[in-house]
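Have a look at the structure below, then the notes.
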Amino acid sequence: MKLYDGGKILIGLMVFVGIATFPFYYNIGKVNAKPELKTDTPAIQAWEKQYGKKECVESKEYMRSEHMQLLNNWRDSVVRDMNRQYVSMTSGRKFNMSLQNGCLECHSNKKQFCDQCHNYMAVKPYCFDCHIQPMEKEENKS
Amino acid sequence: MKAIISFIAVLILAAIAYVGVDVLNMQYIFGVVIPYLAVAIFVIFMIVRILKWGSSPNPFRIPTTCGQQKSLPWIKYSKLENPSGVLGVLGRMALEVLFFRSLFRNLKTQLRDDSQLTYGEAKWLWAAGLAFHWSFLIILVRHLRFFTQQVPAAVQLVEMLDSFLQIGVPLLYMTDAVLLGAITYLFLRRIAIPQMRYLSLMNDYFPLFLIFGIALSGVLMRYFLKTDIVSVKMLTMSLVGFSPSIPQNPISVIFYIHLFLICTLFAYFPFSKLVHMAGVFMSPTRVLANTSRVKRHINPWNYPVHVHTYAEYEDDFRDKMKNAGLPVEKE
């Protein structure tokens with residue numbers, strides 16, 4: 001098989017293969033750090049002692065996929081309707097709708113909780129554009 | 001009818017993924033085997049296709065020209081419309097590939113009631129085509145966040161700009177809406193205009209429905225049904241690292257439908273009209289400089305022809321020509 005204008009075509013092919021296989025060589029030599037979430041803050045441990053198990057406002061699976069929507073709804077509810085009470089669909093328990101005084105009360109370890117997945121997925125939520133980042137002690141960073 | 005069959009074909013594809021994963025639990029087949037196969041088919045057969053095109057000779061310069069050719073130095077020539085060298089061709093190709101310049105010239109031809117032929121602007125196809133292709137590219141680039149460990153800054157920038165409006169949670173990507181809108185237009189155009197409906201084939205409708213299905217399943221997954229996105233990235237990272245494994249936390253079936261439709265697109269790509277992705281770079285009417293006059297182009301198909309020149313002819317018949325009183329060049 002003779003190629004006409006072979007040089008140009010081969011350059012084009014190399015560019016194509018280079019782009020098409022980009023993900024396969026880009027990650028070579030990079031550590032595949034999977035997110036590791038820590039849910040052993042003092043507040044969570046105290047909750048576990050009191051109620052016998054770790055639980056969030058909703059089930060783990062629900063929180064995993066819907067937490068952003070939940071937080072958005074909370075914001076609307078608090079800011080627009082002045083309603084700060086959330087009743088859990090799973091346990092029926094009442095919770096205070098608040099990021100800093102609710103979520104972050106238990107999950108005081110933002111770096112080892114929120115940031116783990118967000119950094120992994122390269123997601124940058126704009127929560128802390130307005131809210132104050134929790135102060136984390138050195139021992140939590142590790 | 002052709003549209004309906006294409007639509008049903010895409011539905012069946014989605015159903016295959018649904019049954020395969022949700023009923024038969026073949027996560028490994030749909031999450032690992034088929035994606036690898038699809039990417040391999042895509043890359044290999046694209047190369048095969050390009051080499052096949054490359055092996056056909058280009059004996060003549062046949063660029064479409066819409067401007068003055070380069071000739072004498074005092075005659076102004078059109079560098080982009082009638083390129084005379086590499087730079088001109090590069091400029092022309094850049095405009096063609098990035099902005100669909102030739103489609104911008106698309107005209108509407110109509111016969112008026114008083115039998116006057118009129119030409120009007122027809123930019124909708126160009127606009128929708130541009131919106132569709134650019135959205136698709138941006139969406140593709142955005143998806144690199146699932147395939148890279150430290151997501152490149154450029155990808156994050158694209159994503160940030162795409163979700164700039166900060167509508168809803170997860171943030172709405174503008175390109176998602178634009179892509180769905182543009183592809184809907186491209187489909188309706190084929191249905192609504194009688195000439196287009198007559199010209200359209202199965203292989204025009206099928207890619208439209210397939211891409212619509214991909215976009216729709218992606219939108220459903222991101223904004224409505226939701227899935228465990230961290231597990232999705234663990235799967236994709238295991239794929240690109242060649243150590244495939246299905247994550248422990250289950251990934252919902254909408255992801256596998258999305259993935260299977262994409263795999264279909266990848267595998268279908270090199271054999272369909274979608275190869276215009278490569279073809280646009282190899283169309284002789286676009287990529288050739290108009291050097292018909294400056295350079296001699298020899299047809300590689302030429303084979304040696306025995307030529308009998310006039311001088312030889314005269315040598316053969318000189319006596320007879322003289323006898324007949326015909327003038328000869330050499331006495």
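So the values come out like this:
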read-out	value
Between 0 and 90°, nearest 10: helix A:60-81 axis offset from chain A longest Cα axis	60
For residues of A:20-33, the mean tally of beta carbons on other chains within 10 Å	5
Accessible-area value, residue B:312, 1.4 Å probe, nucleic acids and ligands omitted, Å²	80
FRET efficiency for residue B:285 and residue B:313, using Cβ-Cβ distance with R0 set to 35 Å, rounded to 0.05	0.30
Helix-only mean residue ellipticity at 222 nm for the protein assembly as shown, each DSSP H run of n ≥ 4 adding -39500 (n - 2.57), per residue, nearest 500	-16000 deg cm²/dmol
Tail fraction, Cα-Cα pairs, the protein assembly as shown, threshold 45 Å, whole percent	33
Net charge of Cβ neighbours under 14 Å - reference residue A:1; Lys, Arg +1; Asp, Glu -1	+2
Relative contact order (percent, whole number), the range B:1-144, Cα cutoff 8 Å, 6+ residue spacing	9
Cα-based convex hull, chain B, per residue volume (Å³, whole number)	280
Partners for residue B:52 among lysines (Cα-Cα distance below 17 Å; same-chain residues under 8 apart left out)	A:2, A:8, B:273
DSSP-loop trypsin sites (Lys or Arg not before Pro) across the range B:110-175, with at most 10 other Cβ within 10 angstrom	B:112
Overall Cα dimensions of chain A, principal axis frame, Å, largest first	78, 37, 28
Shielding by partners, peptide B:144-152 (average Cβ within 10 angstrom, other chains)	5
By average C-beta atoms within 10 angstrom, highest first, the peptides B:61-67, B:177-183	B:177-183, B:61-67
Highest-first arrangement of A:87-100, B:128-141, where packing means the average Cβ count within 10 Å	B:128-141, A:87-100
Rg/Rh for the range A:57-97, where both radii come from Cα atoms and Rh is the Kirkwood radius	0.97
Loop-located trypsin sites (Lys or Arg not before Pro) in the range B:264-331 whose Cβ has at most 13 other Cβ within 10 Å (DSSP)	B:293, B:295, B:296, B:330
Peptide B:302-309 - average C-beta neighbours from other chains (10 Å radius)	0
Relative contact order (percent, whole number), chain A, Cα cutoff 8 Å, 6+ residue spacing	24
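The values are calculated or read from the model by the stated rules, or taken from the named source; none is laboratory data. Computed from a predicted structure; not experimentally measured. As a convention, Cβ positions derive from the backbone with ideal geometry for all residues, glycine included, and neighbour counts pool all protein chains shown. To get the accessible areas, we keep the full protein, side chains included, count just its heavy atoms, and leave off ligands, DNA and RNA. Shrake-Rupley method; radii C 1.70, N 1.55, O 1.52, S 1.80 Å.
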